[in-house]
There are 2 protein chains.
Amino acid sequence: MSVQDPDQKHKKKMQKQKEKVDAHIAAADVERGVVILLTGNGKGKSSSGFGMVLRALGYDQKVGVVQFIKGVQLSGEEIFLKEKATLLPNFEASDFYQMGTGFTWDTQDRSGDIKAAEETWAVAERMLSDPRYHLVLLDELTYMLAYKYLDEQRVLDAIKNRPPEQSVIVTGRGGGSAIQELSDTVSEVKNVKHAYDHHIKARKGVDY
Amino acid sequence: MSVQDPDQKHKKKMQKQKEKVDAHIAAADVERGVVILLTGNGKGKSSSGFGMVLRALGYDQKVGVVQFIKGVQLSGEEIFLKEKATLLPNFEASDFYQMGTGFTWDTQDRSGDIKAAEETWAVAERMLSDPRYHLVLLDELTYMLAYKYLDEQRVLDAIKNRPPEQSVIVTGRGGGSAIQELSDTVSEVKNVKHAYDHHIKARKGVDY
């Protein structure tokens, strides 16, 4: 068989690739919960958080979800967490909380927003101190930091001092460098293009 | 009340912001299914796809999921789709299919990979021609294009000719410019940092 045979060439290349992958896996020997920050201006941050919720629910892990900002318009994730996830063994109604005041440009009420943010953060803090939670999603938390609706140090401390097996997902644009430093994994979701900019309406089950 | 009052300043700013947002929403008057491409080297592409699956299941929409490459190692999404989603009214076992051969560096078998890719694509094509499906997730499809395991034109045509109300999500690095052009929304998930590079093991419910 010739060295140029594509199947053979492929096999050789893949053997080398496998050695690299295996070495990388072997080197990863630290087991603990992680902090994941999904930031950037593109579509996919919150949905990525909810995808990890789906994965964790697959394993029957205890999951907590706190949504900052959103909650005026009904969403697929809200219906799912209220009506479907509660059918699963480990998910209770109290595992999901929405700030529920809508976007800041809807409320136009800074003092009211701050009060709501603090009440919502109290729910997050409860989850972040409860070792039963394997995964806590803090959806759109970064805006609370950017607007200074929440004390940054208080937020960072609660995440830092969480149970060691607990993972935390934070989503939203911006949020400052401190939360980025604290995170183990940071992905920047960059907008290359968006249907919305071509006048396509937001879709149920995709955008909300 | 002084113009410098922070609550008043905030209110003014938010009123302007709301006008902008409302104008943008009003301009979006096209209603149809969209193609979303989640690409890039960062964490969050597949999980974003599964988050949209969770949203769509919230609305009891019919969802199809085809996973290319993955499927040797058990994953949270696999358990979820096999054991939990099937409890929901609109999800059937046949709505989920995995190529199941593992990564190319595991199989090291180009001809076998191509055969498996074609069989898997046949399942995707069935979903892409079935108007009952509101959302079809083609997880890690881009690699099949990058390796030329699937004919690009055949893939593009099937996506282009799908039912008009159906949305399609494609995930994976790369995949070429044609799939990018065809997509309505493209997000590039950029790796800023990853826990794995600090020797932290992949976590159940987060990474798989």
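The values are calculated or read from the model by the stated rules, or taken from the named source; none is laboratory data. Treat the numbers as computed from the prediction; the structure is a model and nothing was measured. Counting neighbours? That spans all protein chains shown, and the Cβs are built from the backbone with ideal geometry, glycine included. Ligands, DNA and RNA are stripped out before the accessible areas are found, and what is left, the full protein with its side chains, is counted by its heavy atoms. Shrake-Rupley method; radii C 1.70, N 1.55, O 1.52, S 1.80 Å.
Observations, loosely collected:
- Rounded to two decimals, the Cα radius of gyration of region B:111-175 over 2.2 N^0.38 Å is 1.06.
- Mean accessible surface per residue for region A:54-141, computed with a 1.4 Å probe while every protein chain stays in place, in Å²: 37
- Per-residue average of Cβ from other chains inside 10 Å of B:131-141: 1
- Where trypsin sites (Lys or Arg not before Pro) fall in DSSP loop in region B:13-96, at most 15 other Cβ within 10 Å: B:32
- Portion, in percent, of the accessible area of region B:14-131 that falls on carbon or sulfur, probe 1.4 Å: 52
- Summing charges over all other residues whose Cβ lies under 10 Å from the Cβ of residue B:42, with Lys and Arg as +1 and Asp and Glu as -1, gives +4.
- Test item: B:35-46 mean partner chain Cβ contacts at 10 Å: 6
- The heavy atoms of residue A:188 offer some 60 square angstrom of accessible surface to a 1.4 angstrom probe.
- From helices alone, chain A scores -12000 deg cm²/dmol at 222 nm; the rule is -39500 (n - 2.57) for each run of n ≥ 4 DSSP H residues, then divide by the residue total.
- Take every Cα pair under 8 Å whose residues are at least 6 apart in sequence, average their separation, divide by the length of region A:1-155, and the relative contact order is 26 percent.
- Excluding ligands, DNA and RNA and using a 1.4 Å probe, chains A and B jointly bury around 7900 Å² of accessible surface, summed across both partners.
- Flagged links, alpha-carbon separation over 24 Å, of A:43/B:62; A:115/B:45; A:43/B:9; A:16/A:190; A:84/B:70; A:190/B:82: A:115/B:45; A:43/B:9; A:16/A:190; A:84/B:70; A:190/B:82
- Where the alpha-carbon atoms of the protein assembly as shown are placed on the principal axes, they occupy 86, 49, 38 Å, in descending order.
- Selected from B:114, B:195, A:67, residue furthest toward positive end of dipole (the protein assembly as shown; charges at beta carbon): B:195
- Taking 0.890 mPa s as the viscosity and 25 °C as the temperature, the Stokes-Einstein diffusion coefficient of region B:23-74 based on its alpha-carbon Kirkwood radius rounds to 177 µm²/s.
- Convex hull volume per residue, computed on the Cα atoms of chain A, equals 177 Å³.
- Summary for residue B:174: label point 7 Å along Cα→Cβ; distances to the equivalent points in the other copies, ascending, 3.7 nm.
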